[in-house]
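Peer 1: I'd like to ask you about the structure that follows.
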Amino acid sequence: MIYFLGKMLHPKFEQFSYLRLVDYISARSIGAALTAIILTLIITPIFIRYLHRKGLVDQIRETGISSSSDKAGTPAMGGAIVVGCVMVSCLLWCNLLNPFLMTVLLGMVWFGAIGLMDDTAKTRAKSGDRGLSESRKLMLQGAYAALLALYLISPYSPLPHSQLGAFWVPFMKTPLFNSLWLYPLIVFFFVLVVGNSVNITDGLDGLAIVPSVFVLGVLGVFGYLLGNRIWAGYLNYPLIPGTGELAVFSSAFAGAGIGFLWFNAYPAQIFMGDTGALAIGGCMATLSVVLKQEALFLILGGLFLAEVASSQIQDKIGIKWLGRRIFLRAPLHHAMQHKGLAETKVVIRLWIASGILALTALATLKLR
């Protein structure tokens, strides 16, 4: 709204010349971040009281960790605040005609809607194990992943034609391959894995939101640079016109994430629930794909992938195939707790690890 208002007024009226700031991604990014954090700080306490009145509190699952029982009764579905504040901030500060932005917003809303259905089902059943079935969630997520993969190689794709099937790897100056049949398969499985990674990681107070801000912040930097002809050429990256708008989206998310952390830090007053965890995973996966940074996520999202790997190895290989545990606990954060580390120490150490991975991912910009 502010973006379009500025575009309409400042060329015609001298008194609105200050609105020329909407032409600058940096100015709109700052505005989006501040808007999102202020909205989150204002709305979250109201939403917490509403959830308490309605009895929409978290349904604790048995994890084998004694501290998990202390969290019973904490309001869930807090991720709806993050999603809502990001949407409002984007409505004010973003160019809503940008196809990259709309694709990422669709990913966030689609996965967030799946999470909301899951949270609602758990609340009604008063059980953390009785939400949407795994097969139904995967079916809904797979439908989005398939549509995204097909859209990005179609004639309607916002990507340059030369980049439709390109798969880029850090440190390489040319794509590893360019294939219109292999690349969509990679996108499909990548979206499913990354889309669920935040949900698996979100097991301790404040654990998932800070690494999510790191990941989306770095991807926002990549979006700005890849959409800028000068920077893309200097860094030897393919120019993808229009991705600069994703920097504004990432800033809005960073603001909402920081505001949410105010209430989600230990001891949490509210949980993001599957609504937030899946929404963040969905936009994180979509953002990586439209920026052609799927391989970079192996570094940037290393914490999330480690959480997914430990959980799936334990459940699918250990318990289902071998009939025994491979790890003492899974996913990774529960294994650290099992060794006697306090929850806050586990969370802060994993934040540090995620920050190091984010800096390493940024370093790949120059190491080509």
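The values are calculated or read from the model by the stated rules, or taken from the named source; none is laboratory data. Since this is a predicted model, take the numbers as computed values, not measurements. Cβ sites come from the backbone with ideal geometry, for glycine too, and all protein chains shown count toward neighbours.
Peer 1: Do we find a residue being in a loop (DSSP other than H, G, I, E, B), in contact with a Ser or Thr (Cβ under 6 Å, 6 or more places away or on another chain) and over 30 Å from LEU239 (Cα atoms) anywhere in segment 328-345?
Peer 2: Yes: one or more hits.
Peer 1: Using the structure shown, decide if PHE188 is at pLDDT 95 or above and either touching a Pro at 6+ places or on another chain (Cβ under 8 Å) or surrounded by fewer than 22 Cβ atoms within 10 Å (Cβ to Cβ) (or both).
Peer 2: When the stated conditions are applied, PHE188 passes them.
Peer 1: So, one more: Would you mention how many residues in segment 1-34 are out of contact with any Leu (no Cβ under 6 Å at 6 or more places or on another chain), of a type outside the set (A, V, I, L, M), at pLDDT 70 or above and part of a helix (DSSP H, G or I)?
Peer 2: Residues flagged as out of contact with any Leu (no Cβ under 6 Å at 6 or more places or on another chain), of a type outside the set (A, V, I, L, M), at pLDDT 70 or above and part of a helix (DSSP H, G or I) within segment 1-34 amount to 8.
Peer 1: Right, another one. Yes or no: segment 137-153 includes at least one residue that is surrounded by 14 or more Cβ atoms within 10 Å (Cβ to Cβ) and of a type in the set (Lys, Arg).
Peer 2: Among the residues of segment 137-153, at least one is surrounded by 14 or more Cβ atoms within 10 Å (Cβ to Cβ) and of a type in the set (Lys, Arg), which makes the answer yes.
Peer 1: Please tell me if VAL169 is in contact (Cβ under 8 Å) with a residue 60 or more places away in the chain and in a helix (DSSP H, G or I).
Peer 2: Considered against the rule, which asks whether it is in contact (Cβ under 8 Å) with a residue 60 or more places away in the chain and in a helix (DSSP H, G or I), VAL169 comes out as no.
Peer 1: Only one residue in LEU106, LEU101 is surrounded by 18 or more Cβ atoms within 10 Å (Cβ to Cβ), touching a residue at least 60 places away in the same chain (Cβ under 8 Å) and within 13 Å of CYS283 (Cβ to Cβ). Which one?
Peer 2: Testing whether each residue is surrounded by 18 or more Cβ atoms within 10 Å (Cβ to Cβ), touching a residue at least 60 places away in the same chain (Cβ under 8 Å) and within 13 Å of CYS283 (Cβ to Cβ) leaves just LEU101.
Peer 1: Among the residues of segment 90-116, what is the count of those that are among the polar types (S, T, N, Q) and over 16 Å from the mean Cα position of the chain (by Cα)?
Peer 2: Within segment 90-116, residues that are among the polar types (S, T, N, Q) and over 16 Å from the mean Cα position of the chain (by Cα) number 2.
Peer 1: A further question follows. Every residue in segment 226-268 that is among the polar types (S, T, N, Q) and surrounded by fewer than 16 Cβ atoms within 10 Å (Cβ to Cβ), please.
Peer 2: ASN236, the sole residue that qualifies.
Peer 1: Any idea which of (1) closer than 21 Å to LEU365 by Cα; (2) surrounded by 19 or more Cβ atoms within 10 Å (Cβ to Cβ); (3) without any contact (Cβ under 8 Å) to a residue 24 or more places away in the chain is the one ALA330 doesn't satisfy?
Peer 2: (1)
Peer 1: Next question, about the same structure. For the structure I just gave you, tell me whether THR201 is surrounded by fewer than 22 Cβ atoms within 10 Å (Cβ to Cβ) and β-branched (Val, Ile, Thr).
Peer 2: Taking the combined requirement at face value, the residue does not satisfy it.
Peer 1: Additional query: Has segment 208-225 got at least one residue that is surrounded by 24 or more Cβ atoms within 10 Å (Cβ to Cβ), of a type outside the set (Lys, Arg) and in a loop (DSSP other than H, G, I, E, B)?
Peer 2: yes
Peer 1: Go through segment 145-168 and give me each residue that's in contact with a Leu (Cβ under 8 Å, 6 or more places away or on another chain) and either closer than 23 Å to ILE200 by Cβ or of a type in the set (A, V, I, L, M, F, W, C) (or both).
Peer 2: ALA145, ALA149, LEU152, ILE153, LEU159, LEU164, PHE167, TRP168
Peer 1: Evaluate segment 286-295: report whether one residue or more is under 20 Å from LEU97 (Cα atoms) and outside any helix (DSSP H, G or I).
Peer 2: yes
Peer 1: On to the next question. Looking at (1) outside any helix (DSSP H, G or I); (2) more than 30 Å from LEU367 (Cβ to Cβ), can you tell me which one THR120 breaks?
Peer 2: THR120 satisfies all of (1) outside any helix (DSSP H, G or I); (2) more than 30 Å from LEU367 (Cβ to Cβ) except (1).
Peer 1: Can you pull out every residue in segment 296-322 that is closer than 26 Å to ASN264 by Cα and in a loop (DSSP other than H, G, I, E, B)?
Peer 2: Matches in segment 296-322: GLY301 only.
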